Amino acid sequence: MKEVLQRVKEQLEQAFDEPRSTSLDGALHELEQLKASAGEKKQMIEDVIRAVAHARNARMELAEAGDESAANAFAEAYRALDQAIESYSGVDNDPV
């Protein structure tokens, strides 16, 4: 699960750097799949999904105007992903 979150974080960083050419739809799909097996961390994953969706919606605004609120949406998603990744640190919950 941690690997999926790290991959989504990388996609978020790429979307921030290249908002016109990077979509976050794939990242959201991965997070939806992760949510199904998140167990007690389901609410946290839902919060991450919501934050990444806000960043996805702000992508073009960021590309057009470099708007501060759009940048804030990305920052919120980045923090949510960091917290989720941290919650999985030291926990071996990946299937063998």
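Here is the list for segment 1-78: trypsin sites (Lys or Arg not before Pro) lying in DSSP coil, each with at most 14 other C-beta atoms within 10 angstrom of its C-beta, are Arg20.
Just rank His29, His54, fewest to most, by other beta-carbon atoms within 10 angstrom. Working shown, then result.
Details: His29 11, His54 17.
Starting with the residue having the fewest Cβ neighbours, the order is His29, His54.
Placing a pseudo-label 7 Å from each Cα along the Cα-to-Cβ vector at Lys35 and Glu86 gives an inter-label distance of 2.3 nm. For a label point 7 angstrom out from the Cα of Ser69 toward its Cβ, which stretches of segment 7-39 have the backbone nitrogen within less than 20 Å? Those under the cut-off are 16, 19-20. Think of segment 14-96 as a dipole: +1 on every Lys or Arg Cβ, -1 on every Asp or Glu Cβ, centred on the Cα centre; then among Phe16, Met44, Ser69, Met44 lies furthest on the positive end.
Averaging 1/r over every pair of different alpha carbons in the chain and inverting the result gives a Kirkwood radius of 13.4 Å.
When only Cα pairs below 8 angstrom with a gap of at least 6 residues are kept, segment 2-88 shows a relative contact order of 35 percent. When Val52, Val4 are sorted by how many other C-beta atoms sit within 10 angstrom of their C-beta, beginning with the fewest, the order is Val4, Val52. Hey, rough spin-label estimate for Gln43 and Asn57, points 7 angstrom out along Cα→Cβ, what's it come to in nanometres? Simple spin-label model gives 2.2 nm for this pair.
Bear in mind these aren't lab numbers, they're just calculated from the coordinates by the rules spelled out. Remember, it's a predicted structure, so these values are computed and weren't measured experimentally. Note that each Cβ is placed from the backbone with ideal geometry, even for glycine, and that neighbours are counted across all protein chains shown.
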